[in-house]
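Just below is one structure, and these are the notes that go with it.
Taken together, the values in this text are just the output of simple stated rules run on the coordinates, not laboratory data. Treat the numbers as computed from the prediction; the structure is a model and nothing was measured. Cβ placement follows ideal geometry from the backbone for every residue including glycine, while neighbour counts extend to all protein chains displayed.
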Amino acid sequence: MRKSRRLLSALVLIPLALTALTACQGGKKNEAKTTPGTSGGYTFAVVTHGGSGDAFWTVVKNGAMAAGKQMGDKVTYSSSGDPQQQSQLIDAAVNQKVDGLVVSMANPDALKSSVTKAVAAGIPVITINSGAEDSAAFGAIAHVGQDETVAGKGAGDKLGSMGAHHVLCVIHEAGNVGLEQRCAGAKAGLTGGTVENLQVDLNNPQAAQSTIQAKLQSDKSVDGVLTLNAQVASFAVAAVKGAGSKAKVATFDLNTDVAKAVESGDIAFAVDQQQYTQGYLPIVLLTLYKQNLNTLGGGQPILTGPGFVTKDNAAQVEALTEKGTR
Amino acid sequence: MATATAAPVDERIKNLGVTRQLLARPEIGALLGAVVVFAFFAVQSSVFRSGAGVANWLDPASTLGIMAIPVALLMIGGEFDLSAGVMVGTVGLTIGLLTGQYGMNTWGALVIALALALALGFFNGYLVVRTKLPSFIITLGTFLMLQGLNLGVTKAVTDTVQADAIDTAPAYRPAYDIFASTVSVGGVEFRVTILWWIALTALATWVLLRTRFGNWIFSVGGNVQAARSVGVPAARTKVVLFMTTAAGAWLVGTMSALRLTSIQANTGIGEELIYIVAAVIGGCLLTGGFGSAVGASLGALIFGMVQQGIVYLGWDSDWFKFFLGAMLLLAVFTNQFVRRLAEESRR
Amino acid sequence: MSETAQADPVPAAAPEAAPLLEVRDIGKYFGSVIALQGVSTQVAPGQVCCVLGDNGAGKSTLIKILSGVHQQDTGEYLIDGEPIRLANPRAALDRGIATVYQDLAMVPLMPIWRNFFLGSEPTKGRGPLRRLDVAKARDITRRELAGMGIDIRDPDQPVGTLSGGERQSVAIARAVHFGARVLILDEPTSALGVKQAGVVLRYIAQARDRGLAVVFITHNPHHAYPVGDRFVLLKRGRSLGDFAKSEVGLPELTRLMAGGAELEELSHELEREPQA
């Protein structure tokens, strides 16, 4: 009896201790964030739809954090790929009465009520990455991002000029509107050629590679592969080699591997939306808005891309990707 | 061997004590957990304990809870449903396509989606009882099929990967009011889903503990041979449980579709495990035959509090999953320990 | 799969004071294997018929025929003097033949009262408000068990926390409460210690005194002899004989069970654990 009571109290204490521990950690972090004596001193929340651990969104986060540090603002970052959860995260930020909100809108309809609620509460909102069409209507002061259709068009155009006629557009996230737009853009840009969509699962790299390879083996007419994610680009390169195909590989987004592959010629080019700036700029813009009521873009999206990484500039960019800013 | 290890017949435990009797309840571990988690966040964040904060973390807890309850009943009945999460998406997309794309009346779309969900639940249940294969395998199959179907049909119909314009359909407004609106309490907007959640928790608890069907749920999960041999319609019970889970998916899918007015084709994928985790935190045994609806709701509550609480504390959200995992382990340990205590207290 | 009992409607003039349950020359084959052949016995209300035999003697085949799991291939099975074939266990239950298996039809995690009424729960209210009558169920459980001389501490106690003997007793009490006329007990004492076995034997006597016909399967003559009125000995699927208590003594029974002369060298322990 006594023994079990002791066990019981241990069970209650363990979570307490655990939470206390993490609390200390959190406290320390907060202190570090609020560097005193600099200009800003605002609290901004960044709420995105990127999965945690995603290479692309890590760079966005790095950008936002760096800007926060330089401006002297406190920046919190949270994310959920589920629109409903993302809207709840926005609600939480509004409850906290943050000084500004940065939101990526992969599914604008679903976020509408939360974003407009934030605007109504007098919180300046800047949308990033996706959702350019609805940004102004929801009351955001600016949109910082890349127009997916424009970027896709650019990629399709470039692939066409390299002689590709039958391009495989590899979608790694079923149900992501932005990815579909890229492929649709590529279709529009690739004059006189066809674009075929292919579905793979980013969480299962082996399968993703073999799916691409199987497609290349079964259809020899494919002479171009457009991937929409830097990791998938590496799978595509391996798949092209494995299938003995001569298809050119191009990709959206960048990481060190892709930069290296562009340098070596395995990847023809990378469409870079320079997502670091999608994290960095909104924090700067919000600080300027709060201090100086500046608004940029004039109602038009502030485009961060597409920038193209080709053999010419790959070496410099590669060095930057290692720093987590490209 | 027949060595005389007989329990002393005349030895009686005089009084069990209130604590010990409480400890025998499956949900007590989750209750403890919920109190600790609440205290932890409430102490550090004034927003978390404010009205708006409470409304905020009850919001995700409510929809998760509405799913966790039927999933818990199913687990008590000894089965799993891995297709429960993606079925939420199927329902939402069905409603979205029927209303937004074909302009159907919202109520009509809801009825059709319900019929579809119940049919899917029946399909799951019938296959499980008929083939006697583990429900893990059967519903994994349904899970994958629905995932493909969701994307395939949505793309075929809309050429995009989402069904939208749900709010343009006739009778959208009254349906929204019932399933997705907010209720103002003392100047704070609470989601109406919270009321649904509380009502369903009460209903499920009553069914589980105070009806014949509830008795059957425990028995088919605890010892299906025994249940069958005393005349419990085990197959029917399990099929009804699968259909109940599907009905829960219908409710949550409806809530999502009406609230968001657009539904993505990948909605709900991965959520199925969260439902199971909430049920397990709430004291459900993975092996069946034991658990409670209140517990599952508490599990969902813990989830909601942690999910939003991390935001309120401004922590690095990268650690969210770590925290969830640690919590799951703790919950399982607590349950195991509490169950041992319960058995001790009975001997 | 589930048809109803095919009771051959033979309204033959039943002999007076017919035994409740009777088998005549009953047999069962599985392919070329003769599992049971030429077994006859009977049991009347208020009597205990013990079926004795080693492992593999055909005891379980016999119970399975009696309880409707298997159907006999030869011979006759009579209930109330009426020849029948039981299509399934439900048909047996409908005729008042309840079987308590060795592994017990109990759900360990559920409380005693829920187990007791499982499948036949008392309800009150109507329509959507029809609900369990918990107070009544608890009360009856306590009363029925007390009537069998079982004093449970708490009807809310999970069955899994009861001792083996207590569990057997609850199963027997349940069968009695739900109107069993014939109680078939499959090795209820085999997994129990001496003291616990004694408890179960007391409940068997209780059931008998309440006027039930009991078929008690065991491989232990020491358990069988004190409560039994008739003894059927099975060996290798055949009957070695069907004796009234007056026709046979315990030493004789034990000798027959063990197969004769080897007995003297075998300890009691070994009898309970015979080689195949």
From the backbone phi of the range B:280-297, what are the Karplus-calculated ³J(HN,Hα) couplings (6.51 cos²θ - 1.76 cosθ + 1.60, θ = phi - 60°) in whole Hz, Gly and Pro given as x?
5, 4, x, x, 6, 7, 5, 8, x, x, 8, x, 8, 6, 4, x, 4, 5
Excluding B:Trp197 itself, what net charge comes from residues whose Cβ is under 14 Å from its Cβ, given Lys and Arg +1 and Asp and Glu -1?
0
Could you identify which residue out of B:Leu73, B:Leu93, B:Leu203 has the top mean-square fluctuation in a GNM of chain B using Cα springs shorter than 10 Å?
B:Leu203
Once Lys and Arg are counted +1 and Asp and Glu -1 for all other residues with Cβ under 12 Å from that of B:Gln264, the total becomes -4
Quick one: Cα centre-to-centre distance for the range B:137-182 and the range A:116-181, in angstrom?
23
Quick one: Karplus J couplings for the range A:103-119, per residue in order, coefficients 6.51, -1.76, 1.60, θ = phi - 60°, nearest Hz, x for Gly and Pro?
10, 8, 10, 6, 10, x, 3, 5, 9, 3, 5, 5, 5, 5, 4, 5, 4
Add -39500 (n - 2.57) for each DSSP H run of 4 or more in the protein assembly as shown, then divide by its residues: what number comes out at 222 nm, to the nearest 500 deg cm²/dmol?
-17000 deg cm²/dmol
Identify all lysines with a Cα-Cα distance to A:Lys246 below 22 Å; exclude those on the same chain that are fewer than 8 residues away in sequence.
A:Lys158, A:Lys187, A:Lys215, A:Lys220, A:Lys260, A:Lys311
What residue among B:Gly152, B:Gly288, B:Gly53 has the largest mean-square fluctuation in a Gaussian network model of chain B, using Cα springs under 10 Å?
B:Gly152
Which value results when the Cα radius of gyration for chain B is divided by 2.2 N^0.38 Å?
1.06
Could you please rank C:Arg90, C:Arg208, placing first whichever residue has the fewest other Cβ atoms within 10 Å of its Cβ?
C:Arg90, C:Arg208
Degrees, to the nearest 10: B:212-222 long Cα axis against longest axis of chain B
70
May I ask you to derive the relative contact order of chain A, considering only C-alpha pairs under 8 Å and at least 6 residues apart, and to give it as an integer percent?
17
Whole-number D in µm²/s for the range C:21-272 (Stokes-Einstein; Kirkwood sum over Cα pairs; 4 °C, 1.567 mPa s):
68
Around A:Ser52: net Lys/Arg minus Asp/Glu count, Cβ-Cβ under 11 Å
-1
Please list log₁₀ I(q)/I(0) at q = 0.04 Å⁻¹ for the protein assembly as shown, using the Debye equation with identical point scatterers on the alpha-carbon positions.
-0.28
A correct Karplus calculation of ³J(HN,Hα) over the range C:131-141, with 6.51 cos²θ - 1.76 cosθ + 1.60, θ = phi - 60°, whole Hz and x for Gly and Pro, returns 9, 5, 8, 5, 4, 5, 4, 4, 5, 4, 4
Rel. contact order, % - alpha carbon contacts under 8 angstrom, at least six apart, chain B:
36
When C:Leu52, B:Leu209, A:Leu285 are arranged by how many other beta-carbons sit within 10 Å of their Cβ, fewest first, they go B:Leu209, A:Leu285, C:Leu52
